[in-house]
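I have a structure here, written as structure tokens, and I will follow up with some questions on it.
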Amino acid sequence: MRDGKSFSTDLRVLICRLCGAPLTASREGGETTCDYCGAVSVLSRCRDERVRITDPTLQGEPDPEKRERLRMASLERQMETYDEEKNPYAYYGTPSGLEHLDLEYMDPTLPAIASEAFRKAIADCEESGGELNDQRLVFWIALKLKNMWVIRDRPHDARPVIETASEVLTDPGYRQLMFCKMADLARKADDLEAARAWLARCDPRPPLLDLDSDYRTTAAAIAIRQGKWSRVLELVGRERGDVPFEPSSVALLQLQRVEALENLGEGEAAERELGWLLDALDHDFLARWLDGSKMLASCKSVWDRIERGGRVSTSNMEHRDAPGASGPAPDRRMAVYVVIGILVVLCIAAAAYLLT
Ligand SMILES: [Zn+2]
């Protein structure tokens, strides 16, 4: 399993519904016995189809270029009216009924408690025929477990959780998010071939902002690992404002851009883009994030150069205190998004580990 191919799409690794142990199954399905508890699971054939998320407004436009322009305009509007509390794909807060999972990722009791809650959520979801709130709970617990294993530097243990969720969830948006997470886990485990294979199951042009941002940052992380710097910029944009984004991903998107610009030899542009982030982001937080991040290795040198150049950053507090204040310049709006995004990231404790 840990030979560098452990995220291969040729394998199928699920959780045992009875004890939560990993279960290696065939893609054809059938009876599978758990090595740990002996329970026999009867599995259906694995669906390998790619996710395609339809939007009647966009599908009605036959010209692909016009369709893409319409999609981007729609994503911009979604960014301007973003409300995470109404968004089923946002990983914010703790859903009602799951308060007992509100534990630190390193809490020793979390793996057993969350694993049990995951199996219950899956059973409820299957019993209700995939009622949307049940799907949201499966999605949320799957991400909680995934983050927990990543923080513990055990990305392989997250695979059965995410793969099981990808098979149980029927909503195409949730399935897309699970495939993106599998791609990202494979990248973290240095299995780039599998990372690309999982990403290929996603819709590269989804009509929803959360799904679009997740696809962009996941694909950009893989492209960074491959040294495909121009591809990174295609995904995250050359300048801030080039692509709309879901608030919690803005800092990551901006740092991926800095990484690409620096490696393309565009040092000044890299400094400009990082400088903007330094104005809006808590510096200690950013330092912890960059420390030990393989993906963002060049960002630190850009930061060092900015500091050596004696650049004076404007106050963080100016932006934090001013969401409702005067000055509705686009930059101010962007800064507000950054602050929102950062607060979210901070809520996901020890985010730095998630973004290496
Ligand atoms: Zn078992």
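The values are calculated or read from the model by the stated rules, or taken from the named source; none is laboratory data. The structure presented is a predicted model; accordingly, all values stated were derived computationally and were not measured. Neighbour counts are summed over all protein chains in view; Cβ atoms, including those assigned to glycine, are modelled from backbone coordinates with ideal geometry.
A quick yes/no check of all residues on (1) of a type in the set (Asp, Glu); (2) farther than 23 Å from Tyr215 by Cβ; (3) without any contact (Cβ under 8 Å) to a residue 60 or more places away in the chain; (4) within 16 Å of the ligand (Cβ to nearest atom):
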site	(1), (2), (3), (4)
Val42	no, yes, yes, yes
Arg71	no, no, no, no
Thr94	no, yes, yes, no
Gly97	no, yes, yes, no
Asp102	yes, yes, yes, no
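Need a quick list: helices (runs of 4 or more DSSP H) entirely within segment 153-218 having at least 1 residues that are within 20 Å of Ser44 (Cα to Cα) and of a type in the set (Lys, Arg).
Filter on segment 153-218 gives 155-168, 172-188.
Related question: Exactly one of (1) part of a loop (DSSP other than H, G, I, E, B); (2) without any contact (Cβ under 8 Å) to a residue 24 or more places away in the chain is unmet by Trp149. Its number?
(1)
Given the residues Arg257, Arg308, Arg216, Arg231, which is the only one that is over 22 Å from the mean Cα position of the chain (by Cα) and among the basic types (Lys, Arg)?
Arg308
Just to check your reading of the model, which residue among Lys66, Lys86 is basic (Lys, Arg), more than 16 Å from the ligand (Cβ to nearest atom), farther than 22 Å from Gln176 by Cβ and out of contact with any Pro (no Cβ under 9 Å at 6 or more places or on another chain)?
Exactly one residue qualifies, and that residue is Lys66.
Considering every residue within segment 19-35, establish whether at least one is away from the ligand (no atom under 16 Å from the Cβ), farther than 28 Å from Pro247 by Cβ, touching a Leu at 6+ places or on another chain (Cβ under 7 Å) and not acidic (Asp, Glu).
Within segment 19-35, one or more residues are away from the ligand (no atom under 16 Å from the Cβ), farther than 28 Å from Pro247 by Cβ, touching a Leu at 6+ places or on another chain (Cβ under 7 Å) and not acidic (Asp, Glu).
Still on this model: Can Thr94 be described as loosely packed, with under 15 Cβ neighbours inside 10 Å, among the β-branched types (Val, Ile, Thr), in a helix (DSSP H, G or I) and modelled with pLDDT under 95?
For Thr94, the condition - loosely packed, with under 15 Cβ neighbours inside 10 Å, among the β-branched types (Val, Ile, Thr), in a helix (DSSP H, G or I) and modelled with pLDDT under 95 - is not met.
Which of the following residues is within 26 Å of the chain's Cα centre (by Cα) and either over 24 Å from Leu209 (Cβ atoms) or surrounded by 12 or more Cβ atoms within 10 Å (Cβ to Cβ) (or both): Asp83, Asp55?
Exactly one of Asp83, Asp55 is within 26 Å of the chain's Cα centre (by Cα) and either over 24 Å from Leu209 (Cβ atoms) or surrounded by 12 or more Cβ atoms within 10 Å (Cβ to Cβ) (or both), namely Asp55.
Another one. Give segment 1-18 a look and list any residue that's touching a residue at least 40 places away in the same chain (Cβ under 8 Å), surrounded by 11 or more Cβ atoms within 10 Å (Cβ to Cβ) and more than 12 Å from the ligand (Cβ to nearest atom), or say none.
Across segment 1-18, the qualifying residues are Met1, Gly4, Lys5, Ser6, Phe7, Ser8, Thr9, Arg12, Val13.
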